[in-house]
Amino acid sequence: MSDLTSIIREQSATEQIAAIKSGALDARELFEAYRSRAAADTFNAFTWVADEAPAALPAADTPLAGLPVAVKDLFSTEGVPTQAGSKLLEGYRPPYTSTAVAKLEAAGASMHGKTNQDEFAMGSSNENSAFGPCQNPWDPERIPGGSSGGSAAAVAAGHAPWALGTDTGGSIRQPAAMCGLVGLKPTYGAVSRYGMIAFASSLDQAGPITRTVADAALMLEHLHGADSRDMTSVGLREPIAVPSRESLEGLVIGVPAELTGEGVEEGVAAAFQVALAEAEALGASLETIHLPHAEAALSAYYVLAPAEASSNLSRFDGVRYGNRVEDADGTLLGMYTRTRHDGFGPEVKRRIMLGTYALSAGYYDAYYGTAQRVRTKIAGDFTEAFKKVDVIATPTSPTVAWKLGEKSSDPLAMYLSDICTIPMSLAGIPGISIPCGTSQGMPVGLQLAAPAFGENLLLGVAHALERTLGFDTGGAIR
C-alpha cells in the first residue's frame with residue numbers, strides 16, 4: 001500500500017492509466033487503494049463510497065482502463081444514492097444513469113464514490129449541504145469551494161484520481177482553484193445534461209476536476225457529444241487532442257480591467273501577475289481589454305439562475321420521488337408545503353423565492369427580461385474581445401479559500417466569490433482554472449477563457465502555462 005500511496009501522490013490519472021495498460025500497475029489494487037482512502041475520508045468529501053470493487057473491472061485495454069472516478073452527487077446513478085446534497089432526496093436511488101457518467105463508464109472508468117456538494121449546486125463553499133460541510137484538504141478549517149467542493153476535495157486529498165463536477169456559475173473552476181487543481185467548464189452544450197439534476201438549465205454544464213490539464217483533456221474526450229435525450233447538447237466541433245503546446249509565441253492574451261482590479265486580494269493579484277509574466281516569457285503578448293457589461297454579470301446571474309431554479313425545483317413535491325412529509329390536516333397542499341419546507345435548506349429556499357418573484361406577473365420584464373438582455377450584452381462583449389485576443393485571463397476567484405462559517409451569514413459576500421467566473425457562464429464559453437501559486441498558504445487559480453468550442457486552444461495554452469508554473473497538485477495528499 002505504501003507504493004500505491006506514492007503512486008497516488010505522484011502520478012496523474014493519465015499516467016496511472018498508462019501504467020495499468022503496460023501491466024506495471026494492477027487496476028483492482030489501485031481501485032481498492034482509492035476506495036479505502038475514500039472510505040476513511042475525514043474531509044466529508046463523499047456521500048457514498050462503494051463497499052468493494054466491482055466483480056469485473058473494465059478491461060485494461062479500454063481507454064480509461066478501469067481507473068476510479070468520483071462523481072458529484074448531482075448526477076443520477078442507477079441504484080446508487082443520488083441526493084444532490086439535499087434532505088429532500090436523502091436515500092433516493094434513481095432507476096437510470098446520467099449520460100455523462102454512462103459515457104465515462106463505457107470508456108472504462110469505474111465509479112468508486114459520490115461526492116458532497118452544496119444543495120442542488122447552490123453555493124460557493126460546500127457549506128449548504130444537508131450532509132454537512134466539506135473541508136479543504138490544504139487546511140481543514142477552510143472551505144473547499146463550491147458547489148463541486150466534494151469532488152475537488154476528493155482529488156486534492158488523493159481519494160480519487162479525478163472527479164466529475166458541474167459548473168453553473170463557477171462550480172467547477174472555483175473549487176478547483178481553492179484546492180490547487182485543474183477545473184474545466186466546457187462550452188455550453190458540449191456535454192449532455194441528461195440525468196444531471198437541473199439547477200439552471202441554460203447555464204449548467206458538466207466537466208472534469210483533475211490533477212493536470214492532460215487529465216482534463218482525457219476526461220473531456222470521453223464526456224462530450226450530442227445526446228438525443230438533451231436537445232441542447234451538440235458536442236464539440238473537433239476531437240479533443242492531447243495538449244502538447246510548449247510555446248505561446250504569437251498568442252495574444254486579453255486581461256480584462258473589470259475582472260482583475262478592485263476586490264481581488266493582494267496575494268491573489270500577485271500570483272496572477274506572476275502567471276502573466278510566465279505567459280510573456282513563453283512568447284505571449286498581453287493586452288488590456290474591456291468587458292463593459294461584466295460588472296452587471298453577478299446581478300444578472302442572480303436573477304436568471306434563481307428564476308430557472310424556481311421552475312426546475314417545482315418537481316420536488318414529495319409525490320413522485322424523494323422524501324414526503326405527511327401533513328396533519330391531510331390535504332395535498334399541506335403535504336406539498338411541509339415537504340418543501342422541511343426538505344429544502346435555507347439557500348435553496350432563498351433562491352426559489354428570488355426566482356419566483358423575478359418571474360411573477362408585473363415583474364417578469366423588469367427583472368428576468370432585463371437580465372436576459374444584459375446576458376446578451378455580456379456575450380457580445382466576449383465576441384468583440386475575441387476579435388482582438390486569442391484567450392482571456394483572470395484570477396479564478398478574487399480570494400483564496402476562507403474559513404468555514406466566515407461568510408455563512410452574508411450571502412452577498414459568498415456570491416461575490418464567483419464574480420470572475422460568472423461572465424463566462426453567461427456567455428456559454430469554455431473556461432479552465434489551473435493552479436498558479438499560493439497566498440496565505442492556500443492555492444490560487446488562474447482562469448483562462450476561449451471562444452465557444454475553443455477547448456483545444458484553451459487546453460493547449462493551459463498546458464504550456466502548467467509546465468512553467470510547476471505547481472505541486474499533490475501537495476495536500478497524505
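The values are calculated or read from the model by the stated rules, or taken from the named source; none is laboratory data. Fair warning: this is a prediction, and the values are worked out from it, not measured in the lab. Cβ sites come from the backbone with ideal geometry, for glycine too, and all protein chains shown count toward neighbours.
Surrounded by 15 or more Cβ atoms within 10 Å (Cβ to Cβ), charged (D, E, K, R) and either within 28 Å of Gln205 (Cβ to Cβ) or out of contact with any Leu (no Cβ under 9 Å at 6 or more places or on another chain) (or both): does that describe Arg245?
Criteria met by Arg245.
Six or more apart or on different chains, Cβ atoms under 6 Å: show the pairs whose first residue is in the range 252-265 and within 9 Å of Pro395 (Cβ to Cβ) and whose second is among the polar types (S, T, N, Q) and assigned to a loop (DSSP other than H, G, I, E, B).
Matching pairs, first to second residue: Glu265/Thr399.
Report those helices (runs of 4 or more DSSP H) wholly inside the range 402-478 carrying at least 2 residues which are over 22 Å from Cys134 (Cβ atoms).
It comes to 422-427, 455-469.
Which one is modelled with the lowest pLDDT among residues in the range 1-59 that are among the basic types (Lys, Arg) and closer than 18 Å to Ala156 by Cβ?
Looking at residues that are among the basic types (Lys, Arg) and closer than 18 Å to Ala156 by Cβ, I get Arg9.
Report, by residue number, each residue of the range 49-86 that is under 23 Å from Glu119 (Cβ atoms) and surrounded by fewer than 18 Cβ atoms within 10 Å (Cβ to Cβ).
Those that are under 23 Å from Glu119 (Cβ atoms) and surrounded by fewer than 18 Cβ atoms within 10 Å (Cβ to Cβ): Glu78, Gly79, Pro81.
Looking at the range 21-50, which of its residues are out of contact with any helix residue (DSSP H, G or I) (no Cβ under 9 Å at 6 or more places or on another chain), under 12 Å from Pro68 (Cβ atoms) and in contact (Cβ under 8 Å) with a residue 60 or more places away in the chain?
Phe31, Arg35
Only one of (1) in contact with a strand residue (DSSP E or B) (Cβ under 8 Å, 6 or more places away or on another chain); (2) crowded, with 21+ Cβ neighbours inside 10 Å is not met by Leu469, so which one is it?
Result: Leu469 fails condition (2) only.
So in the range 1-32, with the set limited to residues that are surrounded by fewer than 20 Cβ atoms within 10 Å (Cβ to Cβ) and of a type in the set (Gly, Ala, Ser), which one is nearest to Gly145 (Cα to Cα)?
Applying the filter and picking the extreme gives Ser6.
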